[in-house]
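Notes for the one structure printed next.
The values are calculated or read from the model by the stated rules, or taken from the named source; none is laboratory data. Since this is a predicted model, take the numbers as computed values, not measurements. Every residue, glycine among them, receives a Cβ derived from its backbone with ideal geometry; neighbour counts consider all protein chains shown.
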Amino acid sequence: METFRISEAAGLLGVSADTVRRWVDAGRLPADRDEHGHRRIAGADLAAFVREQAGRDGPRGRFSSARNRMRGIVTDVVRDTVMAQVEIQAGPYRLVSLMSREAADELGLRVGVVAEAVVKSTNVVVELPDHD
């Protein structure tokens, strides 16, 4: 069974290790101790926790078929006369969106604004990281 250290779980969730420790201490996220006394989180438990959080904090009152939502901060907006390129940092992920300038202006997108990137794709590539 796959298990994760607190720091690994934090990296996967895009939060600090202290946040994961608080969730474990509060009983929200189950963890066991290994032979060295370090807390380990079972992969299945982490996945269940993520699913629960996604359901709890999902779109509020919105109806959409898109399920991939990442909340972040706008770090750059480049506008020309017709188009705008908007960059969002969502946790460790950098997302870039191309949209009409009119849409960017109507949304009031500028550096420092909190925004949600919504991704809908029929093709998603899944890769496994190298295990050293």
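Assorted remarks:
- Just one of the listed residues (Met83, Met70) is of a type in the set (A, V, I, L, M) and modelled with pLDDT under 90, and it is Met70.
- For the stretch 11-46, residues that are at pLDDT below 90 and part of a helix (DSSP H, G or I) total 3.
- In the stretch 78-130, residue surrounded by the most Cβ atoms within 10 Å (Cβ to Cβ) [restricted to those that are farther than 30 Å from Glu2 by Cα and of a type in the set (Asp, Glu)]: Glu87
- Residue that is surrounded by the fewest Cβ atoms within 10 Å (Cβ to Cβ), among those in the stretch 1-10 that are of a type in the set (A, V, I, L, M) and in a helix (DSSP H, G or I): Ala10
- Selection within the stretch 1-11 - of a type outside the set (S, T, N, Q) and touching a strand residue (DSSP E or B) at 6+ places or on another chain (Cβ under 7 Å): Met1, Phe4, Arg5, Ile6, Ala9
- Residue match in the stretch 54-67 (condition: modelled with pLDDT under 85, of a type in the set (Phe, Trp, Tyr) and exposed (fewer than 12 other Cβ atoms within 10 Å of the Cβ)): yes
- Qualifying positions in the stretch 1-44 - within 21 Å of the chain's Cα centre (by Cα) and basic (Lys, Arg): Arg5, Arg21, Arg22, Arg28
- The residues of the stretch 71-108 that are touching a residue at least 24 places away in the same chain (Cβ under 8 Å) and of a type in the set (A, V, I, L, M, F, W, C), listed by number, are Ile73, Val74, Val77, Ala84, Val86, Ile88, Ala90, Leu95, Ala104.
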